[in-house]
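Take a look at the structure set out below.
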Amino acid sequence: MQDLFSPTADEGKPPWERIAIGRQACVLRGFALRWENDLLRQVQELVQRAPFRHLRTPGGRQMQVAMTNCGDFGWYSDQRGYRYTATDPLSSQPWPPMPPAFAALAAQAAEAADLPPFAPNACLINRYSVGTRLTLHQDEGDARHPIVSVSLGLPAIFLWGGDQRADATQKLPLQHGDVVVWGGVDRMRYHGVMPVKEGASPVAHPLLDGQRINLTFRHAS
Ligand SMILES: O=C(O)CCC(=O)C(=O)O
Ligand SMILES: [Fe+2]
């Protein structure tokens, strides 16, 4: 029988795993687990100030994913188009500041992905209920900076495509605590999320009850 108290071959390894999905893109499995409590507490506080809402596309269609933001800039969409705003159009107040733990996680994830130092100034917070999906798109923002995207709650299948919308997509399962990072030559890859399936939440928390939360860090301009 294995002696549970003896050192194992894994000793010294980080508690996460890096899987390459491009030359400058990777999935960091379990990378955000260390920040789990901080992230959930802060998201709950943020949504008191800037609640989740369903934005409209420039074409007038309501988006399935509910969104809010923190940081110097927030991603917004309405009849006037997609853009980053310094204030929340709902309240006319600045978006809530980015909590230091968020910025630290994003910076450390970019470092773990071997990308240049990253200091995000925008964090889009997405809430998916069961059945909600996000169609293939490229991310706006300053393309000299990477995207760091954190998954919490229900698992999801991330669609990872190429530089053209019509390129083939890979299906990457994402779990609570996984982080996807894409920058450099991979920064403009198309991506999306398949409809989130019903399931048991990996951790008991009101934000994650039957829901998936995603934090997407960017540099807006
Ligand atoms: O929810 C996700 O995993 C991806 C979100 C995303 O692509 C975005 O907010 O631009
Ligand atoms: Fe995106």
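Every number in this text was worked out from the coordinates using simple rules, so none of it is lab data. The structure displayed is predicted, hence computed values, not measured ones. Neighbour counts run over all protein chains shown; Cβ positions are idealised from the backbone, glycine included.
Of the residues examined, residue 79 is not one that is under 27 Å from residue 174 (Cβ atoms), polar (S, T, N, Q) and in contact with a Lys or Arg (Cβ under 8 Å, 6 or more places away or on another chain).
Restricting the stretch 117-147 to residues that are of a type in the set (Val, Ile, Thr) and within 11 Å of ligand 1 (Cβ to nearest atom), the residue that is surrounded by the most Cβ atoms within 10 Å (Cβ to Cβ) is 147.
Which of the residues belonging to the stretch 163-192 are of a type in the set (A, V, I, L, M), in a loop (DSSP other than H, G, I, E, B), out of contact with any Asp or Glu (no Cβ under 8 Å at 6 or more places or on another chain) and touching a residue at least 12 places away in the same chain (Cβ under 8 Å)? Matches in the stretch 163-192: none. The single condition from (1) under 25 Å from residue 174 (Cα atoms); (2) within 16 Å of ligand 2 (Cβ to nearest atom); (3) among the β-branched types (Val, Ile, Thr) that residue 57 fails is (1). Counting only strands (runs of 3 or more DSSP E) that fall entirely inside the stretch 58-98 and contain at least 3 residues that are more than 19 Å from residue 39 (Cβ to Cβ), out of contact with any helix residue (DSSP H, G or I) (no Cβ under 7 Å at 6 or more places or on another chain) and not charged (D, E, K, R), the qualifying elements are 81-85.
Among the residues making up the stretch 193-217, those that are surrounded by fewer than 21 Cβ atoms within 10 Å (Cβ to Cβ) and either of a type in the set (Asp, Glu) or not in a loop (DSSP other than H, G, I, E, B) (or both) are 198, 206, 207, 208, 209, 211.
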